[in-house]
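Colleague: So that we are looking at the same thing, I have put the structure below in structure tokens.
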Amino acid sequence: MQVSYANDEKMNKTVLAILIFLALGLMVYNITLLDFDDPFEGDSLVACIGILASTCAILLLLIFSTSKKIQRKLKDK
């Protein structure tokens with residue numbers, strides 16, 4: 001059974017949106033854990049690392065999305 005190209009593209013966009021939404025949710029959760037008086041002490045340090053990790057994940061997902069768009073345009077030529 002062969003999967004159509006449009007179906008695969010729609011699934012990729014859906015998975016990408018879900019992953020970005022999850023990373024944003026983790027970022028918001030970690031922001032609520034921050035102690036703004038001492039941001040690099042105890043649990044706040046863990047929250048800062050979580051915020052940084054979520055930001056990196058979102059950045060990597062956006063780079064992946066851009067690379068897929070470029071790949072599609074080169075394939076269509």
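Colleague: Only one residue in LEU60, LEU33, LEU45 is surrounded by 11 or more Cβ atoms within 10 Å (Cβ to Cβ), within 13 Å of the chain's Cα centre (by Cα) and not β-branched (Val, Ile, Thr). Which one?
Modeller: LEU60
Colleague: Here's another thing I want to ask about it. Which one is modelled with the highest pLDDT among residues in region 2-51 that are under 27 Å from LYS69 (Cα atoms) and of a type in the set (D, E, K, R)?
Modeller: Looking at residues that are under 27 Å from LYS69 (Cα atoms) and of a type in the set (D, E, K, R), I get LYS13.
The values are calculated or read from the model by the stated rules, or taken from the named source; none is laboratory data. Please read all numbers here as calculations on a predicted model, not as lab measurements. We place every Cβ from the backbone using ideal geometry, glycine too, and count neighbours over all the protein chains shown.
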